[in-house]
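A short write-up of the structure that comes next.
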Amino acid sequence: MSTPSLKVEDLHVSIEDKEILKGFGIEVKGGEIHAIMGPNGTGKSTLASALMGHPKYEVTKGNATFNGEDLFEMEVDERARAGLFLAMQYPSEISGVTNADFVRSAINAKREEGDEISLMKFIRKMDEKMNTLEMDESFQHRYLNEGFSGGEKKRNEILQLMMLDPKIAILDEIDSGLDIDALKVVSKGINQMREERKEDFGCLIITHYQRLLNYIKPDFVHVMMQGKIVKSGGPELAERLEAEGYDWIKEELGIEDETVGQE
Amino acid sequence: MTTETTFPVNQNDVTNFSKDRQEPQWLKDLRISSLEKVDALELPKPDKTKITNWDFTAFEFNSTVNATTGLSDVVKGLTGGEDKIKALISQKNGVTTYEKIDPSLEQQGVIFTDIQTAVKDHSDLVEKYFMKEAISYNENRLTALHAALVNGGTFLYVPKNVEVEIPLQAVYSHEGKFGLFNHVLIVAEENSSVTYIENYITEGEAVKTVANIVAEVYVANNASVNFGAVDNFSSETITYVNRRGQVNGKDAKLYWALGQMNDGNTISENTTYLVGEGSYADTKTVSIGRGNQIQNFTTNVIHFGKHSDGQILKHGVMKEAATSIFNGVSKIEHGATKANGEQTERVLMLSEKARGDANPVLLIDEDDVTAGHAASVGKIDPVQMFYLMSRGISRREAERLIIHGFLAPVVNELPIESVKEQLIEVIERKVY
């Protein structure tokens, strides 16, 4: 099996005719962990949503390929079935649909008709992953994200990630609103994926804070400002950002306002 | 009924029909006087749905069904195999083709029989209630037509202190142009309890016809009635269905669980009169509209009794070019102190052409009461769709999950397990 790859070039994305991403590029391969850092309002979450195909975001220029296929020619569900996953910052609540039913539907959506996952196998896997994420069994039978706390929703996103075995996962501010214990648990889940799947799993972590990167060691760190990557480096870049903030980058590059003008 | 269409039945037909069925004089008289009133009375006026051009006269009156027909496969799908049946009346085009009643019921004095037999064998008892209080023949043109032409239905009588454990089921099917005028009469005496489930279905091809259905439920002191229904007529059947509850008893309870799954134009009224002190009515309805059908679902709970409590919960899904109006009326009369009326109507629209409207109405003529309502009409949230699809679920399957989720708060709460299962099946079929 070839190593998965997500390649983005010169991406421009608008929301309601306002350009947010202005020439973004990156390549994430299986076995690699990339972190995208940056202050608020620089277009990080727009990137995540646009790559998954959120209906509110319009790609106006540039291209993206996923395992060599044109990503923007694929429907949202096709992207997912090809192995792209987005752990969302604000996942939807779906009343009346239980967590377990939903995850099983999602797993079966990837499989051929007549080759659905057996109930026993599903239950075993779900129990095992929930155990890793220290989630109470009752979450299986609760309606999808309905009435979940912020932290519970984040764990549930990682649970889905672990259940669906994607090739490339994008984590959109998965650390926001998590206490340190929850952060450790969520990181444990990602690290387990990384160890088990090796070259077959890549990850793009979008975060505001460096602290998540204490638990998930990135191979590459990128800084995003004004809707594109302005600086890239190794893990040491994240450490410097944690110690010194972003001002030195702005100074170095002569940037006054790092945002894309969002409120 | 417009003046240029010829009405398929005249007074002679009705007289002969009544005579053939060896009906008591009171019913024959009711038929004749109702028929005389038909032209003078107006069509009902369901709020926000215009029905003046609906043809309620396009039907044939004569049934040619043989009483030995037994259970068709379609009916078996609703009842299970014969070995599983404990209490069932199955009628096709008004003729009882199958009847099985657990002998223990008879020993307890329970009467569960077709309406034709009931008016002969229990004439006085039926007469005491038949279109007397819960509904009157002269309310409108369709109730008069109904009284004149009743040709099918069931009578269920539960004596004092009898608790019927097994659900009693009735299946009413129609086929061809036959116009079904079905009447269900349920009487639950003091301290009794019973569960009744009915199915309406079209067999064979969809043919232009009419169904005119009335149910009356009388609940005495401390009695409890569970009434479940799944209506599933074809796209060519124009339906008028009026289900009435007369909850006169103190602390009497009536639970309605209605699956309104007709494919044709439908006017459905469900009215409960809470007369007894501390009486209770709970109405749960689920509806799906599709094609070009026009439907009106009106639920009324009318409080007379002190401490009476009425609950209405209605969820509907509209697809394609279907139009549905959901009216909910909680009316609290003067003197019904400490009454409580709550209602929720929710409509989910799946297409640009679908039309849905939810109208909660509180009419309160008493100071010392509590009441509340909630209503919403909306489309599927594109962000929810994005979320589900982002996990690899197809658009179709994502819609299916959202629809099931939307109906789940009602379906999961339905008090009768078999109605719940049937509904889930019908929903599955109708949504796709």
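Close Cβ contacts (under 9 Å, 6 or more residues apart or on different chains) running from residues in segment B:6-22 that are without any contact (Cβ under 8 Å) to a residue 40 or more places away in the chain and in a loop (DSSP other than H, G, I, E, B) to residues that are surrounded by 10 or more Cβ atoms within 10 Å (Cβ to Cβ) and not hydroxyl-bearing (Ser, Thr, Tyr) comprise B:Asn10/B:Leu35. Scanning segment B:203-239 for residues that are part of a strand (DSSP E or B), farther than 22 Å from B:Thr97 by Cβ and open to solvent by 10 Å² or more (accessible area, probe 1.4 Å) yields a total of 4. When segment B:85-121 is limited to residues that are open to solvent by 40 Å² or more (accessible area, probe 1.4 Å) and in a loop (DSSP other than H, G, I, E, B), the one that is modelled with the highest pLDDT turns out to be B:Gln108.
Going by the conditions given, is B:Ala339 buried (at least 24 other Cβ atoms within 10 Å of the Cβ) and over 22 Å from B:Glu198 (Cβ atoms)? Yes; evaluated as a whole, the condition is true for this residue. Of all residues in segment A:13-32, those satisfying the criterion of being at negative phi and not in a strand (DSSP E or B) are A:Gly30, A:Glu32.
Can you confirm whether B:Lys306 is at pLDDT 95 or above and of a type outside the set (Phe, Trp, Tyr)? For B:Lys306, the condition - at pLDDT 95 or above and of a type outside the set (Phe, Trp, Tyr) - is met. Residues of segment A:96-114 that are buried (at least 16 other Cβ atoms within 10 Å of the Cβ) and not β-branched (Val, Ile, Thr): A:Gly96, A:Asn99, A:Ala100, A:Asp101, A:Phe102, A:Arg104, A:Ser105, A:Ala106, A:Asn108, A:Ala109, A:Lys110. Among the residues of segment B:408-417, those identified as more than 7 Å from chain A (Cβ to nearest Cβ), open to solvent by 40 Å² or more (accessible area, probe 1.4 Å) and in contact with a Gly (Cβ under 9 Å, 6 or more places away or on another chain) are B:Asn412, B:Pro415.
Kindly establish whether B:Val347 is of a type in the set (A, V, I, L, M, F, W, C), surrounded by 15 or more Cβ atoms within 10 Å (Cβ to Cβ) and under 24 Å from B:Arg290 (Cα atoms). When the stated conditions are applied, B:Val347 passes them.
Exactly one residue among B:Lys420, B:Lys430 is of a type in the set (D, E, K, R), closer than 26 Å to B:Gly228 by Cβ, away from chain A (no Cβ under 14 Å) and surrounded by 14 or more Cβ atoms within 10 Å (Cβ to Cβ), and that residue is B:Lys430.
For segment B:337-348, the condition of being of a type outside the set (Val, Ile, Thr), within 14 Å of another protein chain (Cβ to nearest Cβ) and either outside any loop (DSSP other than H, G, I, E, B) or within 30 Å of B:Lys86 (Cα to Cα) (or both) holds for at least one residue. Considering only segment A:115-130, I want to know if a residue exists there that is in contact with a Leu (Cβ under 6 Å, 6 or more places away or on another chain), more than 8 Å from chain B (Cβ to nearest Cβ) and open to solvent by less than 60 Å² (accessible area, probe 1.4 Å). The answer is yes, given that some residue of segment A:115-130 is in contact with a Leu (Cβ under 6 Å, 6 or more places away or on another chain), more than 8 Å from chain B (Cβ to nearest Cβ) and open to solvent by less than 60 Å² (accessible area, probe 1.4 Å). Of all residues in segment B:374-389, those satisfying the criterion of being within 13 Å of another protein chain (Cβ to nearest Cβ), open to solvent by less than 50 Å² (accessible area, probe 1.4 Å) and under 28 Å from B:Gly328 (Cα atoms) are B:Ser376, B:Gly378, B:Ile380. Please work out if A:Leu86 is within 13 Å of another protein chain (Cβ to nearest Cβ) and either open to solvent by 10 Å² or more (accessible area, probe 1.4 Å) or part of a strand (DSSP E or B) (or both). Yes, satisfied. Looking only at residues of segment B:390-407 that are open to solvent by less than 10 Å² (accessible area, probe 1.4 Å) and small (Gly, Ala, Ser), we find that the one that is farthest from the other protein chains (Cβ to nearest Cβ) is B:Ala398. Close contacts from segment A:51-68, counting a first residue that is within 10 Å of chain B (Cβ to nearest Cβ) and in contact (Cβ under 8 Å) with a residue 60 or more places away in the chain and a second that is of a type in the set (Lys, Arg) and open to solvent by less than 20 Å² (accessible area, probe 1.4 Å), with Cβ to Cβ under 9 Å and a gap of 6+ residues or different chains, come to A:Met52/A:Arg79. Residues in segment B:240-287 that are of a type in the set (S, T, N, Q), in contact with a Gly (Cβ under 6 Å, 6 or more places away or on another chain) and surrounded by fewer than 24 Cβ atoms within 10 Å (Cβ to Cβ): B:Asn248 alone. In segment A:147-259, counting only strands (runs of 3 or more DSSP E) that sit wholly within it, the ones holding 1 or more residues that are open to solvent by less than 10 Å² (accessible area, probe 1.4 Å) span A:168-172, A:202-207, A:220-225.
Going through segment A:141-167 one residue at a time, which ones are of a type in the set (Lys, Arg) and within 20 Å of A:Arg79 (Cβ to Cβ)?
The answer is A:Lys167, and nothing else.
The values are calculated or read from the model by the stated rules, or taken from the named source; none is laboratory data. Remember, predicted model here, so these are calculated numbers, not experimental data. Neighbour counts run over all protein chains shown; Cβ positions are idealised from the backbone, glycine included. Protein only, heavy atoms only, side chains kept; ligands, DNA and RNA dropped before computing areas. Shrake-Rupley method; radii C 1.70, N 1.55, O 1.52, S 1.80 Å.
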